[in-house]
1. Please list, in chain and number order, the residues 5+ apart from Val244 or on another chain whose amide H is under 5 Å from its amide H, with Hs placed from the backbone.
2. Under the classification rounded if a/c is under 1.5, otherwise prolate if a/b is larger than b/c and oblate if not, where does the chain fall, given a ≥ b ≥ c as square roots of the Cα gyration tensor eigenvalues?
3. Which of Lys236, Lys293 has the fewest other C-beta atoms within 10 Å, and how do the rest follow up to the most?
4. What pairs from Lys76/Lys161; Lys36/Lys170; Lys124/Lys361; Lys111/Lys236 go past 30 Å between their alpha carbons?
5. In what sequence do Asp86, Asp174, Asp39 fall when counting other Cβ within 10 Å, fewest first?
6. Based on the alpha-carbon gyration tensor of segment 47-138 and its eigenvalue square roots a ≥ b ≥ c, which shape applies: rounded if a/c is under 1.5, prolate if not and a/b is larger than b/c, or oblate?
7. Considering Cα pairs under 8 angstrom that are at least six residues apart, work out the relative contact order of the chain and quote it in whole percent.
8. Rank-order 57-63, 238-244 by packing density, defined as the average count of other C-beta atoms within 10 Å over each peptide's residues, highest first.
Amino acid sequence: MFEIIFTILMMIGLTISTISTVYFLTITVLGGFRKKSVDPRTFPVTTKFAVVIAAHNEKLVIGSTLDALNNADYPKELIDIYIVADNCSDATAEIARAKGATVFERFDNLKKGKGHALNWVFQKVWDCGIVYDAICLLDADNLVDINYFLQMNKSLHLGHKVVQGYLGCKNPEDSWISGCYSISYWLTNRLFQLSRFQLGLSCTIGGTGFVVRAELLKAIGWDSYCLTEDLEFQLKMVESGTKVAWNHDAIFYDEKPITLKQSIKQRTRWMQGHSDCLTRFFGRLMKKTFKEKNFIAFDTDFYLIQPYCLFVIWSISLISILYTLTMSIFNLQYLIGFGFTLVIMEVMMALFGIILIVEKKMTPKIFLYLMIFPFFSYTWLVPIFLGWRHRKETAWVHTEHTRAINVKDML
């Protein structure tokens, strides 16, 4: 009986795996060859940015973040920095003021979380009386590249209304967890984000390092409060017909977790918000897909269900591997599942290695992390399961940052 059930599940897993692999590889192949970028200095440097950062007890990293912003190669009069010190009990506000930022302190034990903090501070920005062209959202630990604002200025002059920047990593070699996190982001930047942008699809918002036209944000409002407020905002953009653009050269860096426990906690929060957004937006976007023949809505829905497709694929392949190795059973269905898993892993590792070399990220340590990257992928099973199970919970879990890294260290 078990073998019959497992065979049926394996065939379902193989079908899902084949469809999703073919779909994403097609997107990657068609859009993955990078076009020559335009020099940002050929565009008038006129965009006035309001940089908005929500910070909760970030005294260790906020100083370096503001140093990087103050040292950016962009006219200082065109960048204003706003910090919302959200329920802070440390020196975050004092440090930020000393670095020249405008700081608003917020204390609210009922409306907790980044989404509420941002909505609150946006009203402060609108009320300040200064007219901004664009709002830039960053996290308290982010370090912007010296050319970040020049690149974003270029994207806005090209007519884009929402632009996501290239999410780099501050600490890729701190541990195997931070290393595998970094690999996944580098691969996503190239294979997912760049490919979609070059094919005219909508990219994803990574929660930080993106800019949005001020008049657009003011018109529609933020109104995104779930545990993945970035994804919620992105889905509202797609629903309203606004594409999220990508700038591969607008680089910024953030800190990745260094322990498995920290990682599981963070990714579970992500999957809680992702699951919540899936239940609220999937049907609406599918309706838009058929009613308007809108492929961007379909592609976004495919992105929404991707973690659950991977959950099925990884679960089936893991069972195949464990059952074959531990029970020494060589029935055809187990051998097919085991062999298919090995082939997919080998093909993916080769592709990933090539991408990391092209992106100039490969080092001896990163190569070692790449070898254990499949194991890191399997650790997603726990956050995906817990995220779906607790999708209705909205308690915000803060990611603690532990290292003060200067932008010069990244160079």
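1. Amide H to amide H, under 5 Å and 5 or more residues apart or across chains, Val244 pairs with Cys203.
2. Since a/c reaches 1.5 and a/b is larger than b/c, the shape of the chain is classed as prolate.
3. On the way: Lys236 17, Lys293 9.
Lowest count first: Lys293, Lys236.
4. Working: Lys76/Lys161 22 Å; Lys36/Lys170 27 Å; Lys124/Lys361 40 Å; Lys111/Lys236 21 Å.
Over 30 Å apart, Cα to Cα: Lys124/Lys361.
5. On the way: Asp86 27, Asp174 19, Asp39 8.
Exposure proxy ranking, most exposed first: Asp39, Asp174, Asp86.
6. Numbers: a/c = 2.18, a/b = 1.25, b/c = 1.75.
Taking the square roots of the gyration eigenvalues as a ≥ b ≥ c, segment 47-138 is oblate.
7. Working: 642 pairs, mean separation 86.0, N = 411.
After rounding, I find 21 percent.
8. Numbers: 57-63: 21.9, 238-244: 17.6.
Output ranking for 57-63, 238-244: 57-63, 238-244.
Each reported figure results from applying straightforward, stated rules to the coordinates on display, with no laboratory input. Please read these numbers as outputs of a predicted model, since none were measured by experiment. Please note: Cβ atoms are built from the backbone with ideal geometry, for glycine as well, and neighbour counts cover all protein chains shown.
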